[in-house]
Amino acid sequence: MKPASLTTYEQSFFDTGLDSMGRKHILTPTTVPIPGESGKLTYIRCGRENGDTSFFFDEEITKTNIVLHYTAGYLKGDIASLTAPSQEISVPFVIARDGRILNLWSSKYWSYHLGPGAVGGNTAMSKRTIAIEISNIGFLNKIGNNLCSDNNSDDIYCSLTDTAHFKALKTPFRGKSYFATFTSKQYDSLIVLLRYLTRKYNIKRAFLPEPERYSLLTESRINGFSGILTHANFRPDKLDIGPAFEWERVIKGLK
């Protein structure tokens, strides 16, 4: 799906609450103050119409880190996957391409989001971290003069001339050379959400040094770090949040 089509596509979810599987979600706009600051966080509570909560655990765990992901998909499919009944693979927050923040469940609870083989253990690390998914197609495959979704070679995302929509790497990252960029509104919303979560859970506004941001970390390194990490720090087979992410913009926004 091309970026020009995504505004209408996402709006249809906000208009109807229907995900790609036809499951209905109740959307409730909400605003809360950022603890200790003058700013506010505005988000949309997104709960299954039938009340299903089987995709997360309502167990309160002390949070030490925030983990950034990209969804490798489009919003309706993102929501469908992250609220799949009894799958227990989910995240509390999803940021749409237009910047709207969807809250699927309370961030004091947990669900699996790191996956098998995660450094430190999928269960232990999923419990103590707050996951944020940014709706983004992720890495792209070059087919002729087009860049296509990894999931479907017929899904043309953009052409090689649409340079605003992707980042091309001189040196591939874990074998991939093209990554879809994030929107300006997503960065703005992510910064506000991070300001809120770091205050609420007393998580440091700390980032790994640049050489480590895309590295697989050791268990001792992760255990000794409180701050903001990415999926790629926990697993060698994951690429999110990806090299198209503008770290300095986020770091500046949290200062």
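The values are calculated or read from the model by the stated rules, or taken from the named source; none is laboratory data. This is a predicted model, so every value here is computed, not measured. Backbone-built Cβ (ideal geometry, glycine too); neighbour counts: all protein chains shown. For the accessible areas, the whole protein counts, side chains as well, though only heavy atoms, and no ligand, DNA or RNA atoms are used. Shrake-Rupley method; radii C 1.70, N 1.55, O 1.52, S 1.80 Å.
Structure summary
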item	result
Unmet requirement for Asn122, which otherwise passes all of (1) more than 26 Å from Ser226 (Cβ to Cβ); (2) open to solvent by 10 Å² or more (accessible area, probe 1.4 Å)	(1)
Number of positions in the range 148-171 that are assigned to a strand (DSSP E or B), open to solvent by 60 Å² or more (accessible area, probe 1.4 Å) and within 27 Å of Ile66 (Cβ to Cβ)	1
Tally, over the range 196-215, of residues that are over 19 Å from Glu37 (Cα atoms) and surrounded by fewer than 16 Cβ atoms within 10 Å (Cβ to Cβ)	5
Candidates Thr218, Thr161, Thr230, Thr198, filtered to the one that is under 30 Å from Tyr9 (Cα atoms) and in contact (Cβ under 8 Å) with a residue 60 or more places away in the chain	Thr230
Sole exception among (1) open to solvent by 50 Å² or more (accessible area, probe 1.4 Å); (2) within 30 Å of Ile156 (Cα to Cα) for Thr28, by number	(2)
Pair list, Cβ < 7 Å and 6+ apart or interchain, from the range 46-66 residues that are outside any loop (DSSP other than H, G, I, E, B) to residues that are open to solvent by 30 Å² or more (accessible area, probe 1.4 Å)	Cys46/Leu27; Gly47/Ile26; Arg48/Arg23; Phe57/Tyr109; Asn65/Arg128; Asn65/Ser226
Hits in the range 169-189 (condition: of a type in the set (A, V, I, L, M) and over 12 Å from Phe245 (Cα atoms))	Leu169
Lone unmet requirement of (1) in contact with a helix residue (DSSP H, G or I) (Cβ under 8 Å, 6 or more places away or on another chain); (2) surrounded by fewer than 16 Cβ atoms within 10 Å (Cβ to Cβ) for Tyr112	(2)
Enumeration of residues in the range 1-39 that are among the charged types (D, E, K, R) and in contact (Cβ under 8 Å) with a residue 12 or more places away in the chain	Lys2, Glu10, Asp19, Arg23, Lys24, Glu37
Any hit, the range 97-113, residues being part of a loop (DSSP other than H, G, I, E, B), without any contact (Cβ under 8 Å) to a residue 40 or more places away in the chain and within 29 Å of Ser177 (Cβ to Cβ)	no
Residue check, Leu190 within 16 Å of the chain's Cα centre (by Cα) and of a type outside the set (Val, Ile, Thr)	yes
